[in-house]
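Please read the structure below before turning to the comments.
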Amino acid sequence: MNQNPQSTRRRSTPLADLDPALTEVSRKVIGCAIEVHKELGPGYPLEIYKKALVYEMKHEEVAAQEDYKIEVEFDGEVIGEVVADIYAGERFLVMLCNFYGEVGGHERSVLRAQLRAADLELGLIINFGQRRLKDGLVRVLNPDALRGDDDEDDEYEDEDED
């Protein structure tokens, strides 16, 4: 089935629409990730990148919590928890990867679910497996937190679903 590429393109929220303090912290984290990638390059286990990124973030005075636990609620009851790789700057989540290739829908869905559970607007996926780090940086938004409404619109909306 041939589809027009324009019709399958994802909607995106411009950085200008986000809180400037949030985008500044995310830029700092990206800068830290670039420094880690310059020093280490691709090929190391994920835990090495996590430790190096947290080290660099602390050096740049960006708060970082590794293995950040987030409670998941269903119908008002806590039914479990998920663990985000890094909670950054007390504002957003970071998911780390270390594979060669594009970040896909699965990684985006996992991070978006974590964002919803934590009620946060922004997450970053950083794939250290790419030769050029800029090819492995993906911004993921939580549309629920961006809208700022809880049940005003019951229609399910997800930018990355086909």
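Summary table below
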| quantity | calculated |
| --- | --- |
| Computed P(r) (all Cα pairs; the range 19-147; 10 Å bins; percent) | 13, 46, 33, 8, 1 |
| Reach of LYS69 by Cα under 21 Å, taken over lysines that are not fewer than 8 positions away in the same chain | LYS50, LYS51, LYS58 |
| Nitroxide proxy distance, nm - points 7 Å out along Cα→Cβ at ASP119 and TYR100 | 4.4 |
| Bins of 10 Å, starting at 0 and running to the largest distance - Cα pair percent for the range 78-126 | 24, 56, 19, 1 |
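A short reminder: the numbers here are calculations on the coordinates, not readings from a lab. Everything numeric in this text was worked out from a predicted model, so none of it was measured. Ideal geometry is used to build each Cβ from the backbone, glycine not excepted, and the neighbour counts take in all protein chains shown.
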